[in-house]
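In what follows, a single structure is set out as C-alpha cells and then discussed.
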Amino acid sequence: MWESRVLKSVIPVVESATLLHVNEKKINEVADWMAFEEFAKPDGSSLFDFGNDANFLMDLTLVTNVLNFAFTDFDTGVKFQTEYLGRTYSDSEAMGACFHRTMGEGIPFFDGHYLATITREQLAHIFSGNIEIPMLDERLILLRQVGEKLVADYGGKFHAFVRDCSPRLYDNGNGLLERLVTEFPRFEDVSDYNGHKVEMYKLAQLGIWGMHLALSPRGAWALEDAQMLTAFADYIVPVGLRVTGIFEYEPELELHINSLTEVKRDSAAEIELRAASIYSIAKLTDAINKRRPTFTPLLQPQVDFRFWKAYHATHWPHHLTKTTMY
C-alpha cells in the first residue's frame, strides 16, 4: 500500500511539518486496543434503496462525490438538513435523501445531459431543505463541467467511463483513479507544499470506494487493488487523531482550530493536517493488521471510517476550510 501515489506524496510533508507532529508511539498504543474492535465488512447496503442496477449505482456514486463537500454554513454554523419520509436527515445523509426523493420525482439527475444544462433553480429544488445548501453556485459550476465531459466522451454516463477504465486505481495510466483525476478536473485534489506536489484525491478515492462497497458484494464490479486506497483527508479524521493523542499541535495551530478561525485552503496548516491524516491512518492500519494475523487484513478506508463514525458528531472543534474538495 505504501507504493500508492497518494501515500508517497504525503510522506515528505509529514517529515518536514512545522505545525503538527505525528506521535508514532501513540499509533501503537491505539492499535493495541483498536485491534480488538469489530470492523464491519462491506455488504452492499446503504441508507436508501437505489436498486441493484450496477450501471446506475456507478452513476449515482460518482455524481454524489462531485457534490460531497461543505454541508455546514460557514457564516452561521447551521447544518444542511432535509425532511424526507417522516425523518430529518443532516449533512451527507441529507444529500442522499435529496437524491432518493429526486429519483422518485423522475428527474434524470445522474445523467450528464441533464447536468450539463442544469439551472440554479433546478439544483436548489433538488436540495430543498432548512437552508440553501452551502456553496450552491460552486456546485452548479462543477455539475455543468462534469455533465459536459460525460456528454462529450461517455454518452452522458459515468458508468461508461468506469467500464472504459481498468478496475484498478493504478494501471500504467489506465487505472480508474489515474483517469478520474486527469479527465475530470473536479477531482484533481492536489496541493503544493514548498514546491512538492501533494496528491490527496479525497473525493475521487471516496467515490471509487463507494462503488466497491456497493457492487463487490453483488458480484457486479470490484476494485482489484483496494489495498492501495488511503484515508479520505477531511475535517473529521484529524479530530479523532488529535483526541487519541496521535496528533500533537503547535500552540498556534491549536488556537487557530479551537477558535474556529478558518484554515485557508492550501495553507501549510491545511496541507499538514490532511497529509498527516493520510499517513497516520496508513500507519495505524498496518499496526492493527500486525496484531490480527489470522484476520483478513483491514483496508485503510475501514480504519478511516472508524474515526469518522466515532468523531463526526463530537463537540471537539475541527478545522474549517472553505473548499470544494472535502
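The values are calculated or read from the model by the stated rules, or taken from the named source; none is laboratory data. This is a predicted model, so every value here is computed, not measured. Note that we place each Cβ from the backbone using ideal geometry, even for glycine, and neighbour counts take in every protein chain shown.
Worth pointing out:
- Positions within the range 66-88 being β-branched (Val, Ile, Thr) and surrounded by 15 or more Cβ atoms within 10 Å (Cβ to Cβ), in sequence order: VAL66, THR72, THR82
- Scanning the range 167-179 for residues that are over 21 Å from the mean Cα position of the chain (by Cα) and either among the basic types (Lys, Arg) or at negative phi (or both) yields ASP171, ASN174.
- Test: residue in the range 98-118 that is crowded, with 19+ Cβ neighbours inside 10 Å and of a type in the set (Val, Ile, Thr): no
- Residue check, TRP33 surrounded by fewer than 15 Cβ atoms within 10 Å (Cβ to Cβ) and in a helix (DSSP H, G or I): yes
- When ALA97, ALA152 are checked against the criterion of being aliphatic (A, V, I, L, M) and in contact with a Ser or Thr (Cβ under 9 Å, 6 or more places away or on another chain), ALA97 stands alone in meeting it.
Quick grid of which residues meet (1) assigned to a loop (DSSP other than H, G, I, E, B); (2) touching a strand residue (DSSP E or B) at 6+ places or on another chain (Cβ under 8 Å); (3) farther than 24 Å from LEU67 by Cα; (4) at pLDDT below 95:
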residue	(1), (2), (3), (4)
ARG242	no, yes, yes, no
GLU248	no, yes, yes, no
TYR279	no, yes, yes, no
LEU284	no, no, yes, no
PRO293	yes, no, yes, no
ASP304	no, no, no, no
LYS309	no, no, no, yes
PRO317	yes, no, no, yes
LYS322	yes, no, no, yes
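- Flag if SER92 is among the small types (Gly, Ala, Ser), modelled with pLDDT under 90 and within 28 Å of HIS212 (Cβ to Cβ): no
- ARG274 vs. criteria at pLDDT 95 or above, surrounded by fewer than 21 Cβ atoms within 10 Å (Cβ to Cβ) and at negative phi: no
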